[in-house]
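Pasting a structure here, questions to come.
The values are calculated or read from the model by the stated rules, or taken from the named source; none is laboratory data. Not measured: the values here are computed from a predicted model. A quick note on method: Cβ atoms are made from the backbone with ideal geometry, for glycine too, and the neighbour counts reach across all protein chains shown. All accessible areas refer to the heavy atoms of the entire protein, side chains included, with ligands and DNA or RNA removed. Shrake-Rupley method; radii C 1.70, N 1.55, O 1.52, S 1.80 Å.
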Amino acid sequence: MSGWQQHLIIAPILIPLVAGALLLFFDERERVLKAMISVVSCLALAAVAISLFRLAGSGSGADSFEGVYLLGNWPAPFGIVLVADRLSALMLVLASILAIPTLVYALARWHTAGAHFHSLFQFLLMGLNGAFLTGDLFNLFVFFEVMLAASYGLLMHGSGSMRVKAGMHYIAVNLAAALCFLIGVSAIYGSAGTLNMADLALRIGEIEGERRMLLEAGAGILGVVFLIKAGMWPLNFWLPGAYSAATAPVAGIFAIMSKVGIYVILRLSLLVFGQGASAGLGLNVLLYGGMATIAFGTIGVLASQALGRLASYSVLVSSGTLLAVLGLNNGVVTAGALFYMVSSTLTIAAFFLLIELVERGQDAGASVLAVTMEAYGDADEEEQEVEVGVTMPGTIAVLGVCFAACGILLSGLPPLSGFVAKFAMLTGMIGTNVAAQGPIPPSAWWIVALLILSGLAALISMTRAGIRTFWASMEGTVPRVLVMEMAPVMLLIALTLVLTVKAGPVMGYMEETVRNLQQPAAYIDAVINARRAGVEEPSGPDGGGGI
């Protein structure tokens, strides 16, 4: 990279940071101006993320793109580095694309329900993007805290006793997690002498004895933090209450926050603990904890009567699926899991936005499937004889189609991307062993069974909720839904349709991403040998790479 391209790596952090700070200078009454600044920021962020995504996907194997940005122009591992590779670029695109529809949805009414919504939203994006780009564990903690601090305010945005109660629980859990984060990072630094991920991957093979035990203990404590964020059982009791209490746009953007824990676990398990004496550290915890999370989430989905709780437990099913698959340590299955992560995040975000619109007309079922005018108590007998039915209102029709699409996606039925993702994972778990003429591990069969059962549970729950919402109720009116509220939901569902149509190229990108993660030499070399701007350094085995 050269010229303006090298600065793209820091742009996903600077854009929301500058926008969020700028928005603080404007009074809350200047709503239109603040909304315009926030939307422009999100559009610019999406453009940058897509550019990085295209650069990251421009090469393969040894020629794969590894962009490194040296903050302060200090060389690694002494200075702060930002790294953009295939995985981080994928997460940036997912976060930025998710931000646009959730923000547009919030502009209909929710951005005025409390102070500093737009600033908090931008700072949340800054924390997310920083966590995806950083190549240093301590700065991961910094961005993690920026993200959480913004999420505290967003969760309680709109006030109400339920949100305040859920927010207090959420804050307490995450403050405890932050303390564990510092303890884990301190233990790793005390044993390895570095917090740079690439440098740590180089040094870990030299650490022996008590220092290795301290390193693994620190990694274990750090893992607990990310498992709390990912929502692994039994560390996930805070999540259903928090997500279901949040406003619709906040819950929509929160759909990606649980994936931050998944991202860091995937990054560290393959970069730092992929080889050597500590190879495979914690994989059994991910495997069995993930299966327990799927089971817990499936029970929650079946037991949920409120749509918000159903969506929250669907987040747990998604996280459990990803954790269990990572525990298998199978590259083919992991590629399918990345596809599933993108699909499930978009689906759950769309579902959270849709829930408010559906519940706004909770008693509007009569106008959906009533077959005679008598159901409305029409006193004109002649009109009853002429009119044999009523036309389904356009609003209810669109809501019903979107609800059905979310049900298909969550349950993994064909033909949408939820089915493609689960099929890719199931094929990876069973097909690779059959092709190799080897036995299929019992754990793989358990995951297969849990995936099928969780899909069945989602189908049953969504069908039950759909009947209750659109059919059973015989009183009420058609909900008043604005175009700017319905359009974001339809956009997110349309993106899952694009994933379905482009499943081949998308899976190709995911497979190449996993191959690069399993062979981290290019990542390590790019970080360690990144050249400083304005400093002439010799080229060669120890002088190339980076930007």
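May I ask you to derive the FRET efficiency for E145 and A217 from their Cβ-Cβ distance with R0 = 25 Å, giving the value to the nearest 0.05?
0.65
Looking at the P(r) of region 225-268, how many percent of alpha-carbon pairs lie beyond 17 Å? Could the numbers behind the result be given before it?
Details: 309 of 946 pairs.
When all Cα pairs of region 225-268 are counted, 33 percent exceed 17 Å.
Quick one: give the max-minus-min coordinate of the C-alpha atoms of the chain along each principal axis, largest first, in Å.
93, 63, 41
For a quick size check, give me the Cα extents of region 4-115 along its three principal axes, largest first, whole Å.
For region 4-115, the Cα spread along each principal axis is 52, 28, 21 Å.
May I ask you to compute the full-extension gain from L175 to I467, defined as 0.36 nm times their residue separation minus their alpha-carbon distance, rounded to one decimal in nm? Before the final figure, lay out each step's value.
Values: separation 292, 0.36 × 292 = 105.12 nm, distance 4.08 nm.
Stretched out fully, the L175 to I467 stretch lengthens by 101.0 nm.
Please report, in cubic angstrom per residue, the volume enclosed by the convex hull of the alpha-carbon atoms of region 166-258.
Given the Cα convex hull of region 166-258, per-residue volume reads 99 Å³.
Give me the net charge of N174's neighbourhood, meaning all other residues with Cβ under 10 Å from the Cβ of N174; Lys, Arg count +1, Asp, Glu -1.
Working: positive: K229; negative: E145.
Its environment carries a net charge of 0.
May I pose another question? Given Cβ point charges of +1 (Lys, Arg) and -1 (Asp, Glu) and nothing else, what value in debye, to the nearest 20, does the dipole of the chain about its Cα centre take? Walk me through the numbers on the way to the answer.
On the way: 24 positive and 32 negative charges, 212 e Å.
In total the dipole reaches around 1020 debye.
At what distance in nm do the modelled label points of R515 and A449 sit from each other, each positioned 7 Å from its Cα along Cα→Cβ?
3.6
Quick one: Kirkwood hydrodynamic radius for region 48-201, alpha-carbon pairs, angstrom, one decimal? Numbers along the way, then the final one.
Working: mean 1/r = 0.0574 Å⁻¹.
So the Kirkwood estimate lands at 17.4 Å.
Debye calculation, C-alpha points only, no solvent: report log10 I(q)/I(0) for region 112-161 at q = 0.15, 0.20, 0.24, 0.32 Å⁻¹, in the same order as the q values.
Debye intensities relative to I(0), on a log10 scale: -0.41, -0.62, -0.78, -1.10.
Taking only protein heavy atoms into account and a 1.4 Å probe, give the accessible area per residue of the chain in Å². All intermediate terms of the calculation are to be shown ahead of the outcome.
Details: 21790 Å² over 547 residues.
Result: 40 Å² per residue.
Put a dot 7 Å past each Cα toward the Cβ at N284 and R532; how far apart are the dots in nm?
In this crude label model, R532 to N284 measures out at 4.7 nm.
Within the accessible area of the chain, what % is carbon and sulfur when the probe is 1.4 Å and the other protein chains stay in place?
Values: 14490 of 21790 Å².
Using a 1.4 Å probe with all protein chains present, the chain comes out at 66 percent carbon and sulfur.
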